[in-house]
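Report on the structure given below.
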Amino acid sequence: MQKVFVLVFLAWVSFLFYAGIALFTSGFLLTRLELTNYSSCQEPPGPGPLPRGGRGEPGACWMASRFSRVVLVLIDALRFDFAQPQVSPMPGEPPASLPFLGKLGTLQRILEMQPHHAWLYRAQVDPPTTTMQRLKALTTGSLPTFIDAGSNFASHSIVEDNLIRQLTSAGRRVVFMGDDTWKDLFPGAFSRAFFFPSFNVRDLHTVDNGILDHLYPTMESGDWDVLIAHFLGVDHCGHKHGPHHPEMAKKLSQMDQVIQGLVDRLKNDTLLVVAGDHGMTMNGDHGGDSELEVSAALFLYSPVALFPNPLPEEPEVIPQISLVPTLALLLGLPIPFGNIGEVMTEPFAGYKDSQPHSSPLTQASALHLNAQQVSRFLHTYSAATQDLQVKELQQLQSLFSKASADYHQLLQSPRQAEAEAALQAVIAELQQFLRGARAMCIESWAQFSLARMAGGAALLAAACCLCLWASQWTTSPGFPFCRLPLMPVAWCLAGAVLCAGLLATTGLKLEPVVLVAVAAVGSLLPFLWEAWAGWGARRPQAALLPTPGPVLLLLLIRWAAFFSDSFVIAEARATPFLLGSLILLLVAQLHWEGRLLPPKLLGVPRLGPSTPTSPSQHSNMHALGLGVGLLFCTRLAGLFHRCPEETPVCRSSPWLSPLASMVGGQAKNLWYGACVGALVTLLAAVRFWLRRYGNLKSPEPPVLFVRWGLPLMVLGTVAYWALASGVDEAPPRLRALVAGASTLLPRAVAGLAASGLMLLLWRPVTVLGKAGPSAPRTRTVLTPFSGPPTSQADLDYVVPQIYRHMQDVFRGQVERTSAQGPLTVAAYQLGSVYSAAMVTALTLLAFPLLLLHAERISLVFLLLFLQSFLLLHLLAAGIPVTTPGPFTVPWQAISAWVLMATQTFYSTGHQPVFPAIHWQAAFVGFPEGHGSSTWLPALLVGANTFASHLLFAVGCPLLLLWPFLCESQGSQKRRQTPGNEAEARVRLKEEEEEALMEMRLRDSPHHFSAALLQLGLKYLFVLGVQILACALAAFILRRHLMVWKVFAPKFIFEAVGFIVSSVGLLLGIALVMRVDGAVSSWFKQFWPSRGN
């Protein structure tokens, strides 16, 4: 039962961290208040007369409409340089050869041949640059908040005033075709709609071809007022191939043909708008705020002359949300209530009127309406919340009052000679107000709840201190395993029930995150009081904390570096350096302390006497060889890296891209062979390890699955890779078959992995058991196996491990041989029973996780297992096996394990930023998408992102088990106590020495439980301090220029990584407990008194 309480205690400590993360997040990632007010024609935006024609002409509202129809072509991820006109190279200069340059030739021809009909802008996009947030901004004119990025694939309908609502309220017929994200944002708003699934980034053509099937027939029918077409091919091509792939040139050429076809069909009363919602990075991703991501194209075209001046050589840079008020006034609609965009003045400069100075006057009128609407919004918003800064708001209102007074005075001024200069001054004042209002909103909507942030950080710090203190306490003989872990759980439940009762009776509302935090604090404080009163007061304070050593100082330096944006950006390069430094420190420490043990890297100890080996030069070379090999593997893993956007001189590893993106067939085949070789090598290494320790000889289901199931998983994986890398090259008649196999194979591999894990949990002990009569003795003999049997004497050695279906046979043999003398039960593989289950489970987890990555990441997974193997042996070399205990895993082992998890995270092509997320992992096994489901793609993407966290957390108990697994035959002779479990294991010989390996842990169940608890607490401490450092960095540097680009994403990734790691740790320790329970169940069949 002790081990069950260990799991309960670790789960409660993890809950404390979860509560702290949730509380901090609720104060750090706040959303702005969304007003439900709406603009209307009946309510002008402010006092004073409307411009001439407003509400006085058909189709006019605040301002006379210029166009009656609009075609909005939204090309997802249309970066500005994709549409930028190309300048002819100077004589002697080579032409630009980038695939995406010059492919939108229609835009350039129109700008050159019809300069007064078209205009090209560089639209500056507000981060986050995800599609749903950009669609909200393009229709409401407002700014998305940072936390909205998390709902990019779980869109909810827009409640704020927006262009689509204004169009439908005015009776305009809106027809949509394309990305089905619009369906969730504007349910029931379209007169006709053709939605296509948008999440399958590997599909470049379905959405675009579906739009083209309906686009031109709809235009020619005339049954529409606003036509919206949202193309996705360019964005999906960037995700799949990147912008420099030849496929990008094909897709842009297709969009060029679409634009040309629309221009040919436009009528004089129709405006064409071609826009990109965001850009893309050099890798084809988006979501952040790099220059390439926030730079999008915006092109306006009218069949009649609209712009008095041609396009300047350097296109104007405007905020993307400026399109919202511009379209609203051009169509004669009210500007949406919450808009903070600024009207683009160029489309209002081409009006022909009998009055002089009409063009500047029209521009000033449009800007004044825009300013009135923004002023009204600021006044309403400031009355509803305290987000806006009072001083800046007053200054802006004063500026608007002056500009408005100047505008009205200008309208009444009879002196036309001074009107031109006065109009330009009014325009400048209005633009200054609008730009100042937008800047204030950007700054003010990053407001934080300091109380929640401080409370969350304090709870995280308290949980870290608890882990550090309790990890020292667990080794004491009087640690109350059964009583102490239940107390915080009871207090937590009691506090939650009490709070819920009070809220129900008083009618108050309390957010769930605050309720969880109160429950966490309510369970922590009584526990600390009880623990201090019962044990802590008797011990000096120094005994509660570990002695600071070089390893802890190294980690403190790393944690302090989280406050530097430069370090966070360069962490992918700093982590291998820190890991290498720690490895050198470990080797030096082993040498200085003289604790080097005999080599046991590949050799497996055998039964029988052996001569103890003292630390020698050979031992030193053994540890040095392990360290050199580990450093070499670390360096190789560093070759797989993805460069941050902030380091343009860095070049990302080309090996992180999928094989399908490669152009050369021979190079693709060579890489495919290398990937298959890595996979086969990994399988052979695991099977070789299990065979060396004798765990591959049992006829039980888990062992049979390792023999036959793992090769099937490898075969399915390499077959899927072959199909995925050549799917575009498949003949048309075989594409349906290839698509079906691409769906079936990943699911089959995942199903096999799940089946193997279930078999392992059902029968976790992999042993080969035999029973028969032995020579007459006075006791039953059981001996652990520590190598393959080499003689008949080895076959007579006995160790208990039998499965359920064999127990009846052995029980019958006991009865039949009772008259002949004691029974000898021979069982092999018991010395590695825990490690074998852990290695098998990690292998079964690794294969489906590997499928979610690109093919060449298989080399990283091979290095991962090799690094872990070398590190475990290096750590085991310096951890002496003590009997009967206590068993302790040193800090340097856990620290190195966590650093290796971080290094593998970066080596698999990840970065703690949203643009680096591998969204294509959501379609492994689901090439057609997931329909309306969001949890499954989120699970697949999360498994891809945090695969290293999960594998290292599940494998964390190996740090405790490996020194026992590597135990050499010692020189100690153990005394036997009649009738106990030790007598059941050990054949008593006066001069014989033996290696019990992992069975030593069962000799001291109290120390075994304490060691598992201490290991879990230390691991949670190292991870917890990382998330605490990220939280404090975000808290202290919340006004830093890079807070949303660096510190906020780092905190979010560390928080999710901690949750995944803590769950993996609990699963790993639970597996060890399951194996231990199976061992105890066997002992109960033969020795009921010693089955615990």
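The values are calculated or read from the model by the stated rules, or taken from the named source; none is laboratory data. What you see is a predicted model, and the numbers here were worked out from it, not measured in a lab. Cβ placement follows ideal geometry from the backbone for every residue including glycine, while neighbour counts extend to all protein chains displayed. Heads up: the accessible areas ignore ligands, DNA and RNA and are worked out on the full protein's heavy atoms, side chains in. Shrake-Rupley method; radii C 1.70, N 1.55, O 1.52, S 1.80 Å.
Of 352, 267, 250, all but one fail to be open to solvent by 10 Å² or more (accessible area, probe 1.4 Å), among the basic types (Lys, Arg), modelled with pLDDT of 90 or more and not in a helix (DSSP H, G or I); the exception is 267. Right, residue 334: at pLDDT 90 or above, of a type outside the set (A, V, I, L, M) and surrounded by fewer than 18 Cβ atoms within 10 Å (Cβ to Cβ) or not? No: the conditions fail for residue 334.
Just checking, does segment 997-1006 include any residue being surrounded by 23 or more Cβ atoms within 10 Å (Cβ to Cβ) and at pLDDT 90 or above? Within segment 997-1006, not a single residue is surrounded by 23 or more Cβ atoms within 10 Å (Cβ to Cβ) and at pLDDT 90 or above. For first residues located in segment 194-211 and touching a residue at least 60 places away in the same chain (Cβ under 8 Å), partners that are assigned to a helix (DSSP H, G or I) and aliphatic (A, V, I, L, M) and lie 6+ apart or on another chain with Cβ distances below 7 Å form the pairs 198/207; 199/922. Counting only residues that are in contact with a strand residue (DSSP E or B) (Cβ under 8 Å, 6 or more places away or on another chain) and assigned to a loop (DSSP other than H, G, I, E, B), which one in segment 309-326 is least open to solvent (accessible area, probe 1.4 Å)? For segment 309-326, the residue satisfying everything is 315.
Counting only residues that are of a type in the set (Phe, Trp, Tyr) and outside any loop (DSSP other than H, G, I, E, B), which one in segment 519-572 is modelled with the lowest pLDDT? Only one residue tops the list, namely 532. Here residue 994 qualifies as buried (at least 24 other Cβ atoms within 10 Å of the Cβ) and either farther than 26 Å from residue 14 by Cα or modelled with pLDDT under 75 (or both). Taken over segment 899-950, the criterion of being part of a helix (DSSP H, G or I), farther than 19 Å from residue 745 by Cα, modelled with pLDDT under 90 and small (Gly, Ala, Ser) is satisfied by 916, 938.
Residues in segment 636-655 that are assigned to a helix (DSSP H, G or I) and either touching a helix residue (DSSP H, G or I) at 6+ places or on another chain (Cβ under 7 Å) or open to solvent by less than 30 Å² (accessible area, probe 1.4 Å) (or both): 4 in all. Cβ-Cβ below 9 Å, separation at least six or inter-chain, first residue in segment 248-264 and farther than 17 Å from residue 114 by Cβ, second acidic (Asp, Glu) and assigned to a helix (DSSP H, G or I): which pairs? Cβ pairs passing all conditions: 251/208; 254/208; 255/208; 258/208. Only one of the listed residues (205, 214, 156) is open to solvent by 10 Å² or more (accessible area, probe 1.4 Å) and either more than 32 Å from the chain's Cα centre (by Cα) or at pLDDT 90 or above (or both). That residue is 214.
Residue 908 meets the stated requirement of being among the polar types (S, T, N, Q) and closer than 19 Å to residue 579 by Cα. Just wondering, is there one or more residues in segment 690-713 that are open to solvent by less than 40 Å² (accessible area, probe 1.4 Å) and either among the basic types (Lys, Arg) or in contact with a strand residue (DSSP E or B) (Cβ under 8 Å, 6 or more places away or on another chain) (or both)? Looking through segment 690-713, at least one residue is open to solvent by less than 40 Å² (accessible area, probe 1.4 Å) and either among the basic types (Lys, Arg) or in contact with a strand residue (DSSP E or B) (Cβ under 8 Å, 6 or more places away or on another chain) (or both). Go through the residues of segment 411-429 one by one and say whether even a single one is open to solvent by 30 Å² or more (accessible area, probe 1.4 Å), of a type in the set (Asp, Glu) and modelled with pLDDT of 85 or more. Yes, there is a match, as at least one residue in segment 411-429 is open to solvent by 30 Å² or more (accessible area, probe 1.4 Å), of a type in the set (Asp, Glu) and modelled with pLDDT of 85 or more. Checked against the criterion of being open to solvent by less than 10 Å² (accessible area, probe 1.4 Å) and within 21 Å of the chain's Cα centre (by Cα), the candidates 894, 917, 857 yield just one match: 857. On inspection, residue 279 qualifies as assigned to a loop (DSSP other than H, G, I, E, B), over 21 Å from residue 163 (Cα atoms) and among the small types (Gly, Ala, Ser).
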